[in-house]
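Below is one structure, written out as structure tokens; comments come after it.
Each reported figure results from applying straightforward, stated rules to the coordinates on display, with no laboratory input. The shown structure was predicted, so the numbers you read here are calculated from the model rather than taken from an experiment. Every residue, glycine as well, gets a Cβ built from its backbone with ideal geometry; the counts of neighbours run over all protein chains shown.
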Amino acid sequence: MGMTLLEQRAAEFAALSSDCDGGFWRIGAAMASLLAEVTDAELDGKSKDDIAQAVATAREACTRSPFFAYAQQWPRGYAGDFAIVEHIVAQRNDAQPGTFGWELKQHLMTGPMVQQHINKIVHQARLIQEALVGRGDEPVSILLIACGGAADLRRIQPQLMGRDVKVVLNDADAGALELAAQELAYLGDQLTVVHGNVMRSIDELSQHGPYDLVIAGGLYDYLPQRIASRLAGKVLTRLCKPGGLFYFSNVGEANPYRVMLEHLMNWPLIERTEADIDEIVAPHAEQVKEMHIGRDGTGLTLLVEIRKTL
Ligand SMILES: C[S@@+](CC[C@H](N)C(=O)[O-])C[C@H]1O[C@@H](n2cnc3c(N)ncnc32)[C@H](O)[C@@H]1O
């Protein structure tokens, strides 16, 4: 039997990897043709395994980019770890300039998926700044859930210096907390770290609270609906101060880059609509004064802000 169109597109993309001068647009065009075919295969009801088998050559070619190789392999045991986020925020390209791997990474780095993450970090940093300003000279208490390397907090060092602020960091990955604590060492005893899955750390987190601001950036993309709602309830009832703010982000539904993330990077995300967010928050309506669901500048990611009742 001959090659399917999907296998053919994967082979065309992979062929560019052995030729150093594939060029930015040639690689981009081949990737677009391949991902259009993947989308059709999904619409035709092809299974994930069948598609993975058909695009195996393309996926292998992507490992010429150390970043794509890292994303595919999950070296820390889970997708979307803090090290990959650090890499995204730094906007580095660690491949050899002019190679297939370098051009492939350029596509990612100059594209909306990376931009949405940077937008998210900037938005989170702004929320922290607003919490500091909003409290005047009063002490401020901030909790970052699934903080990773705390890239958001690290952006606003000047505003944190000399401020009466208490920061609590949580992450399930001890490596993330180690990095964040090292970068934020200037906070001294104003900084506390709580290691563990947030769902099993609520008691400990509440002992250090309550908080004016609770941030969970880039976590809800990995939480099933039931857990996502349970966490929102715990945050609103046990962690937020009356009148405090709970923020989380979630990649929106119908993300056109999903096929690239899933099939070339092994990076599945749980996408959500505004209605899904309403469903997460609805059981805790008594705790909610107001909720705002915005989007980052790319339009790809939902930014959810929930103000707790007084
Ligand atoms: C994509 S990173 C997000 C980092 C950062 N908050 C940001 O906005 O860029 C996801 C982080 O969530 C952490 N994480 C995932 N599931 C978790 C859980 N159930 N409890 C605590 N941390 C979790 C991971 O260890 C990782 O550091």
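Collect residues whose amide H, placed 1.01 Å from N in the peptide plane, falls under 5 Å from the amide H of residue 166; neighbours closer than 5 in sequence don't count.
140, 141, 142
Please report 82, 24 as a ranked list, fewest other C-beta atoms within 10 angstrom at the top and most at the bottom.
Ascending Cβ contact count within 10 Å gives the list 24, 82.
Which FRET efficiency value, to the nearest 0.05, is calculated for residue 47 and residue 137 with the Förster distance at 45 angstrom and r the Cβ-Cβ distance?
After rounding, the FRET efficiency stands at 0.15.
Calculate, in nm to one decimal, what residue 237 and residue 25 gain on full extension: separation in residues at 0.36 nm each, minus their alpha carbon distance.
Taking residue 237 through residue 25 to full extension adds about 71.2 nm, to one decimal.
Convert each backbone phi in region 9-16 into a coupling constant with the Karplus relation 6.51 cos²θ - 1.76 cosθ + 1.60 (shift: θ = phi - 60°), then list the ³J(HN,Hα) values in order as whole Hz, x for Gly and Pro.
Along region 9-16, the couplings run 5, 5, 5, 5, 5, 4, 4, 5 Hz.
Cα-based Rg of region 87-233 per 2.2 N^0.38 Å, rounded to two decimals?
1.15
For a protection proxy built on the mean count of beta-carbon atoms within 10 angstrom, sort 299-308, 68-77, 106-115 highest first, please.
Result, highest mean Cβ count within 10 Å first: 299-308, 106-115, 68-77.
Residues in region 239-268, backbone N under 16 Å from the label point at residue 74 (7 Å along the Cα-to-beta-carbon vector): list them, ranges by number please.
Backbone N within reach: 261-268.
Suppose each label sits 7 Å from its Cα in the direction of the beta carbon; what would the residue 56-residue 253 distance come out to in nanometres?
For residue 56 paired with residue 253, the spin-label model returns 3.4 nm.
Can you give the FRET efficiency for residue 109 and residue 4, using 1/(1 + (r/R0)^6), R0 = 25 Å, r = Cβ-Cβ distance, to the nearest 0.05?
In this case the efficiency is close to 0.20.
Does region 5-110 classify as rounded, prolate or oblate by the C-alpha gyration tensor (a ≥ b ≥ c root eigenvalues; a/c under 1.5 gives rounded; else a/b over b/c gives prolate, otherwise oblate)?
oblate
Note down the relative contact order for region 5-110 as a percent, whole number, built from C-alpha pairs under 8 angstrom at least six residues apart.
38
Give, in whole angstrom and from largest to smallest, the semi-axes √(5λ) of the equivalent ellipsoid of region 118-181, with λ running over the eigenvalues of the Cα gyration tensor.
Over the Cα atoms of region 118-181, the semi-axes work out to 20, 13, 10 Å.
Quick one: Karplus J couplings for region 271-277, per residue in order, coefficients 6.51, -1.76, 1.60, θ = phi - 60°, nearest Hz, x for Gly and Pro?
Each residue's phi maps through the Karplus curve to give 8, 9, 9, 4, 5, 4, 5 Hz.
Percent relative contact order of the chain, based on C-alpha pairs within less than 8 angstrom and at least six residues apart?
Once normalised by length, the contact order is 16 percent.
Please give the length that would be gained between residue 83 and residue 183 if that part of the chain were fully extended, namely 0.36 nm times their separation in residues minus their C-alpha to C-alpha distance (nm, one decimal).
34.6 nm
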